[in-house]
Amino acid sequence: MTASRRWTALLALATVPVAAAVAAARPAPTAQLVARTPLLTADPVAVRPGEVLTLQGSGFPRDVHVALLAGPPHAEATRIGGARTGRRGRFVATIRIRERADPAALVALACHDGCRVKASVRFRIVAP
């Protein structure tokens, strides 16, 4: 074997372990986990006293209890109900607004696991 062929053979052998290490370091596309971000929606976003507010949540863990709270933005929230997620991590809850509720801008909050998993949405109580 000539010196140039020997050099080519050594170079080829040296690149094989590097290529294998790079391929092993890349995760397979199916191995990547997609993080689900909890989402909460309110319908309608403007509700009158005595009417029903529907809260829909998604992206929560499956089959868990979710506490529902509401309050002014950047203030303490009060519990207004609860819901249980289904096998897809979704829930629907209906909340009746009190007849004597004052007009206000509020934030609804869906909370699980001590509020480590949460989502929020703004809504308004408008004058009758």
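Just a few scattered comments:
- Annotation note: of Thr41, Thr94, the sole residue that is under 15 Å from Val121 (Cβ atoms) and loosely packed, with under 13 Cβ neighbours inside 10 Å is Thr94.
- Residue within the stretch 104-127 that is part of a loop (DSSP other than H, G, I, E, B) and touching a His at 6+ places or on another chain (Cβ under 7 Å) present: no
- The lone criterion from (1) at pLDDT below 50; (2) more than 29 Å from Gly86 (Cβ to Cβ) left unmet by Gln32 is number (2).
- Residue within the stretch 75-86 that is charged (D, E, K, R) and in contact (Cβ under 8 Å) with a residue 24 or more places away in the chain present: no
- Restricting Gly86, Gly50, Gly82 to residues that are modelled with pLDDT of 95 or more and either aromatic (Phe, Trp, Tyr) or in a strand (DSSP E or B) (or both) narrows the list to Gly82.
- Number of the condition not met by Gly59 [criteria: (1) modelled with pLDDT of 95 or more; (2) over 19 Å from the mean Cα position of the chain (by Cα); (3) not hydrophobic (A, V, I, L, M, F, W, C)]: (2)
- Answer residue from the stretch 101-117, given it is closer than 17 Å to Pro72 by Cβ and of a type outside the set (A, V, I, L, M, F, W, C) and is surrounded by the most Cβ atoms within 10 Å (Cβ to Cβ) among those: Pro103
The values are calculated or read from the model by the stated rules, or taken from the named source; none is laboratory data. Not measured: the values here are computed from a predicted model. We place every Cβ from the backbone using ideal geometry, glycine too, and count neighbours over all the protein chains shown.
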